[in-house]
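Quick notes on the structure that follows.
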Amino acid sequence: MTEAVTIARDGEIAIVTIDNPPVNAMSFHVREPLMAALTALRDDASVAGIVLACAGRTFVAGADITEFGKPMQKPELRDLIAALETLGKPAVAAIHGTALGGGLELALGCHFRVAEASAKLGLPEVKLGILPGGGGTVRLPRLVGPLKALDMIVSGTPISAKDALANGLVDALVDGDLVAKAAAFAREQVKSGKQPVAVRDRNELVESADLAAVDARATELARKARGLEAPIACAEAVRNALTLPFDEALTREREVFAKLVAGDQSKAQRHLFFAEREAAKVPGVGKDVKPREIARVGIIGAGTMGGGIAMAFVNGGIPVTLLEMNREALDRGLATIEKNYAISVSRGSLTEEAKAGRMAAFTPSTDYADLADCDLIIEAVFEEMSVKKDVFGKIEAVAKPGAILATNTSYLDVNEIAASTGRPQDFLGLHFFSPANVMKLLEIVRGAKTAPDVLATALAVGKKIGKVPVVVGVCHGFVGNRMLGARGAETEPLLLEGATPQQVDNVFTDFGWPMGPFQMWDLAGLDIGWRNRKAQGKTAVIADTLCERGHFGQKTGRGVYLYESGSRTPTPDPEVAALIEEKAKQLGIDRREISSQEIIERTFYPLINEGAKILEEGIAARASDIDIVWVNGYGFPIGKGGPMFWASLEGYGKIVERLDYWYARTGKDIFKPAELLRKAAETGKLAEAA
Ligand code: 3H9
């Protein structure tokens, strides 16, 4: 093992290098030798200045998140920062890759920062449910000003080195040998003879801050926090940096950090951070499995789904051959794509030039032969087995050997479609979520015969186009939609038994979902579910009647709720209230008061129960994969960590007891507790499939 901290000399400048792969996190085994190095260099009269640099692919990417929740061993990050500030000689941070969180805070402890142009700098702590705890909220505003600091800290989004230079966060951008140039920079400072000024002593921007403007911006940002504590704490900390003496603001930051890091929201968000990385590790797909190259993607179907998928690939830099049955359908699809890009241009998130570049990356076609040079071919056609098989018959006739074939089915049996082709090893499901150019989730459906390198390719290409990929097994609805079915099975019965739509929706939004199930019906259009039910010979008393009346939701101004002349704000519809009462009477159901707790037990608990069944069957490899599906595809509140993580907080014993109760009362399968859940109630831990 190499040493975590080494010192080299470039004349009178000492080069301190941190080497803690993979991302140079500030673990205890880095902090301890770094402190020793700084102390020695402070006392070494032959050293005139220091450069703080990192080996490997990046500058320090933050504190070591795996140490959170355990007692912090000394020296802490803030001790190191204090040591840098009181070095008595210039310290220059040499930044490449990402300087994030505690990494940027360490760099803020240096008197100067130089960076490669490709570097990124940020304080992403908010995404872990915390605020910067190493003085970031107090020092950053001193360099970039309070409004920029507020944006960076509350959003957690890193900025480019160029932006950092423009805003005073870095002092110089360098090409070529970063460390040598940083040493030259340090030498210049030494030569100038000026006493280096610590960031903590640069008060101009905080003293001249416009508090009213900061408060207005903070209020605006807080509105978007949606029940999360960290963004609000971040904004308050930046305000403290403007109104309190430096050390007092630092102490406050530290106290709030300690409180947040111990709270459930941060635990949930840290769980999701590691869960997302775990999801990339797929049983049977070792690190040695090499993904196939994907230089061009073919997509069949230019409707809402196919068009969105095509945009996702083009946005990720992969050209697309877009195929439709006829010219009209193709033109319609391309016009929608162009319109979507035009909206981005009007919002300022895309330039006209970039839009032209994206449009040029589409090769429209009505001829299957044009798919011959595609490395990955995805169908997004009508959800019907015979149609899908027919399409794959045509694809197979033209696809080159080794091309990956994928279906975007939401429910159909991927193995059956795979078997209809002569190359099931090259076949898999790629289940995108609408709008596919926006939604992060990608369910990668592993067929019985899907080859490991096909899965590795899907994971790599998914990441390349900015998706969060999760590998799932074959079953009706896969992970997400199957669990959604369980979550939604009791929504109509709840209405018939006495709940109102707004009461159910409020339970969901109070929990942190962006909307409740009935608001969702209205947004998506009730006719979609109606069509699916008819195809499967199923009925839903309330929803079917609304559809028969032409009340399809927002698009018709009426659904479960009323929408006054084009508004998207739902208001209760007395006609729906009367309909519910009438249907309940016809069915002989006695209406009663329904509590919020009952709504939770009859919607969220079946969701978790179905998740446990999915784990039992090995459809998901781990509980955390299910959490990733729900947070990225269905709006499960991130502060609650996904359904399976939330179940651990809610208590498996309590959930199983209530499921037993509802199963005894209704006999419905969704309530029959999974064995895995029962075991978890005994052991306190949700085991995964063997
Ligand atoms: C903080 O700094 C608090 C301070 O303000 C106050 C302290 C008192 N710790 O993402 P990747 C692991 S909070 C431990 O796949 P990439 C990661 O789990 C921190 N482990 O690579 C993975 O492990 P494995 C603020 C970490 O190239 C491996 O490294 N900083 C940490 O796609 C590779 O990661 C952040 O929030 C960590 N800090 O992306 C930055 N970071 O291989 C968090 C990563 O076993 N990190 N690991 O699965 C990132 O955003 C990305 O990792 C980064 C690289 C962009 C750096």
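Quick rundown of the values:
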quantity: For L579, net neighbour charge (Lys/Arg +1, Asp/Glu -1) across residues whose Cβ lies under 14 Å away; calculated: -2
quantity: Order by protection proxy (mean Cβ within 10 Å, highest first), peptides 39-45, 315-321; calculated: 315-321, 39-45
quantity: Local net charge near A489, Cβ-Cβ under 15 Å (Lys/Arg +1, Asp/Glu -1); calculated: +2
quantity: Mean Cα-pair separation over length for segment 5-262, i.e. relative contact order, pairs under 8 Å, 6 or more apart, %; calculated: 19 percent
quantity: Alpha-carbon centroid distance for the pair segment 219-270 / segment 572-626, whole angstrom; calculated: 36 Å
quantity: Amide hydrogen neighbours beyond the local backbone of K120, cut-off 5 Å, H modeled; calculated: G97, T98, A99
quantity: Amide hydrogen neighbours beyond the local backbone of R622, cut-off 5 Å, H modeled; calculated: none
quantity: For segment 463-489 versus segment 18-48, the gap between their alpha-carbon centres in whole angstrom; calculated: 45 Å
quantity: Centroid-to-centroid separation of segment 105-184 and segment 498-561 [C-alpha atoms, Å]; calculated: 47 Å
quantity: For K290, K120, order by how many other beta-carbon atoms lie within 10 Å, fewest first; calculated: K290, K120
quantity: Proxy reagent accessibility, fewest Cβ within 10 Å first, across K555, K148; calculated: K555, K148
quantity: Ordering of 325-332, 9-16, 84-91 by packing [mean C-beta count within 10 Å, highest first]; calculated: 84-91, 9-16, 325-332
quantity: Cβ-based exposure ranking for R200, R347, in which fewest neighbours within 10 Å come first; calculated: R347, R200
quantity: Within the chain, helix-based [θ] at 222 nm, where runs of 4 or more DSSP H residues each add -39,500 (n - 2.57), nearest 500; calculated: -15500 deg cm²/dmol
quantity: The chain, relative contact order [Cα under 8 Å, separation at least 6], %; calculated: 9 percent
quantity: Residues with amide H under 5 Å from that of I404, placed H, sequence gap 5 or more; calculated: L376, I377
quantity: Simple label model, 7 Å out from Cα along Cβ direction - R9 to A460, nm; calculated: 4.6 nm
quantity: Peptides ranked, highest mean first, by Cβ atoms within 10 Å: ranges 259-266, 229-236; calculated: 229-236, 259-266
quantity: Per-residue ³J(HN,Hα) for segment 420-437, Karplus 6.51 cos²θ - 1.76 cosθ + 1.60, θ = phi - 60°, Hz, x for Gly and Pro; calculated: 6, 9, x, 9, x, 5, 9, 10, 7, x, 10, 9, 8, 10, 7, x, 5, 7
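Where a number appears in this text, it was derived from the coordinates with a stated rule and is not lab data. These numbers come from a predicted model, not from an experiment. Positions of Cβ are generated from backbone atoms using ideal geometry, with glycine treated the same way; all protein chains shown enter the neighbour counts.
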